[in-house]
Amino acid sequence: MSKTYPIAVIGGDGTGPEVVAEGIKVLEVVADKFDLKFDWHYFDFGGERYLKTGEVLPDSAIDELSKFKAIYLGAIGHPDVKPGILEKGILLRLRFALEQYINLRPIKLYPGVESPLRDKGPEDIDFVVVRENNEGLYLGAGGIFKKGTAQEVAIQESINTRFGVERCLRYAFEYTRKRNKKKMLTLCGKTNVLTFAFGLWERAFHEIGAKDYDDIMRDYAHVDATCMWMVKNPEYFDVIVTDNMFGDIITDLGAMIQGGMGIAAGGNINPEGTSMFEPIGGSAPKYTGQGKINPLAAISAGQMMLEFLGEEAAAELLEEAVMKACRELKSLSAGKMGYTTSEVGDLVAGYVAE
Ligand code: IPM
Ligand code: MN
């Protein structure tokens, strides 16, 4: 009997639903091949629903979504909704409420994909960023005082708990071990200035590493130097672990060196609970409904979802299919692929079926 996975689907805004539809198309072919079954449950959270009903994400939705092992997300962000409302109300709320404390971002340049790094190829760009996803500046601690006056004060504090930092570090160490490449974990921080926050990170890093992961090399780089190395020497890295804010920034840089938002996928992981997989590119509203957007990032998010579900062989086959498709596309950028959105989905589905 085939194994059934109930999956929550939030297509979201702009081009989100289009790319998720291609991901589902491809995952259905994967399912046939591996005798799996996906049971898709669709939810309409996003800008349109908010504009119609004033509701962003009801509490009942969190309860309902928490019953799934995985959520497949398109994109959140609507041009008619003030920035922050949907991002905080849906994306960040789900990350926090479902305790998706890891944001996992593989940065891998596939053969045939053009990187803006002129002299770097697929053998040079292959590392993973483990971003803390539940704490730091994103918690929203602080406040604004005397708003709109000449004496206005704005405070935004970074919260780092030993518990939160430790579980993130442990995940990163485990991941580095399982990945089994260079077996090097780089802590990316700013210990020369943010001595409180990254003092905690650094102490925990070495304590945990020395005690439980002596097979993993411990490495450290300041965040500014990390950006420099990612461009100059990306082959240096194996796995990078960092806080929420730095992780947000360096993973966009990472997306660019791997060929852009057309291919960049991420997972919001709660190893014991409900995880959420998404293309990281955003809703790209100006391309909505035009068939121009690249679905490969969403398809790769589907691959990460398979991995999370423990379907590693299926994930591997899907990655190979994406790599083959990459060789066919003229460019990964929207409107320049030489194919429509659904043709790219068909292409990948075809390679999976082969
Ligand atoms: C990301 C995004 C989000 C973040 C935004 C949309 C809130 O940039 O997933 O990296 O900052 O985490
Ligand atoms: Mn980001």
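The values are calculated or read from the model by the stated rules, or taken from the named source; none is laboratory data. Note that the structure is predicted; figures quoted are calculated from it, not measured. No Cβ is skipped: glycine too gets one built from the backbone with ideal geometry, and neighbour counts run over all protein chains shown. Just so you know, the surface numbers come from the protein's heavy atoms only, side chains and all, with ligands and any DNA or RNA stripped out. Shrake-Rupley method; radii C 1.70, N 1.55, O 1.52, S 1.80 Å.
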Taking every pair of alpha-carbon atoms in region 160-220, what share in percent sits in each 10 Å bin, from 0 to the bin with the longest distance? 24, 56, 19, 1
Give me the distance between the Cα centres of region 104-137 and region 265-289, rounded to whole Å. 16 Å
Do any chymotrypsin sites (Phe, Trp or Tyr not before Pro) in region 1-45 lie in a loop, going by DSSP, with at most 14 other beta-carbon atoms within 10 Å of their beta carbon, and if so which? none
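At 222 nm, what value in deg cm²/dmol follows for the chain if DSSP H runs of at least 4 each add -39500 (n - 2.57) and the sum is divided by all its residues, to the nearest 500?
-12500 deg cm²/dmol
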Residue (of GLY46, CYS188, PHE237) at the positive-pole extreme of the chain, dipole from beta-carbon charges: CYS188
Note to self: with every protein chain in place and a 1.4 Å probe, the chain gives an accessible area per residue in Å² of 44 Å²
Whole-Å distance linking the alpha carbon centroid of region 191-216 with that of region 63-97 is 31 Å
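Looking only at Cα atoms, what is the convex hull volume of region 115-258 per residue, in Å³? Could the numbers behind the result be given before it?
On the way: hull volume 17.6 nm³, N = 144.
Dividing the Cα hull volume of region 115-258 by its residues yields 122 Å³.
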I need the trypsin sites (Lys or Arg not before Pro) found in region 11-116, filtered to DSSP loop residues with at most 14 other beta carbons within 10 Å of theirs. LYS67
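Rounded to the nearest 5, what % of DSSP beta bridges with both residues in region 115-258 are antiparallel? Kindly include the intermediate steps, with their values, before the conclusion.
Numbers: 6 of 20 bridges.
So the antiparallel bridges in region 115-258 amount to around 30 percent.
Checking a compactness column here: for the chain, what do you get for Rg(Cα) / (2.2 N^0.38 Å), N being the number of residues? Let's see the in-between values first.
Numbers: Rg = 20.1 Å, N = 354, 2.2 N^0.38 = 20.5 Å.
Relative to the 2.2 N^0.38 Å estimate, the chain comes out at 0.98.
Contour minus end-to-end for ALA154 and ALA313, with contour as 0.36 nm per residue of separation and end-to-end as the Cα-Cα distance?
The ALA154-ALA313 span can extend by a further 52.3 nm.
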Can you return the lysines within cross-link range of LYS324? Criterion is Cα-Cα under 20 Å, with same-chain partners fewer than 8 residues away left out. LYS25, LYS33, LYS108, LYS120, LYS292, LYS336
Cα gyration tensor shape for region 30-135, rounded if a/c is under 1.5, else prolate or oblate: prolate
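Only four residue types carry charge here, +1 at the Cβ of Lys and Arg and -1 at the Cβ of Asp and Glu. Report the dipole size of the chain about the Cα centre in Debye, rounded to the nearest 20.
Details: 39 positive and 51 negative charges, 130 e Å.
It comes to approximately 620 debye.
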Region 17-53 and region 237-264: distance between their alpha carbon centers, rounded to Å: 25 Å
Taking the dipole about the Cα centre of the chain, with the C-beta of Lys and Arg at +1 and of Asp and Glu at -1, give me whichever of GLY247, VAL223, ALA353 is farthest to the positive side. VAL223
Using a probe of 1.4 angstrom, how much of the accessible area of the chain is carbon and sulfur, in percent? 53 percent
Straight-line reach check, LYS190, cutoff 19 Å on alpha carbons, 8 or more apart in-chain or any other chain, hits among aspartates and glutamates -> GLU132, GLU135, GLU157, GLU166, GLU202, GLU207, ASP219, ASP224, ASP243, ASP248, ASP252
Computed magnitude of the charge dipole of region 115-258 (debye, nearest 20; Cβ of K, R +1, Cβ of D, E -1): 140 debye
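Do any GluC sites (Glu not before Pro) in region 263-316 lie in a loop, going by DSSP, with at most 13 other beta-carbon atoms within 10 Å of their beta carbon, and if so which? Walk me through the intermediate numbers first.
Numbers: sites: GLU272, GLU307, GLU311, GLU312, GLU316; in loops: GLU272, GLU311.
Listed in order of number, the matching sites are GLU272.
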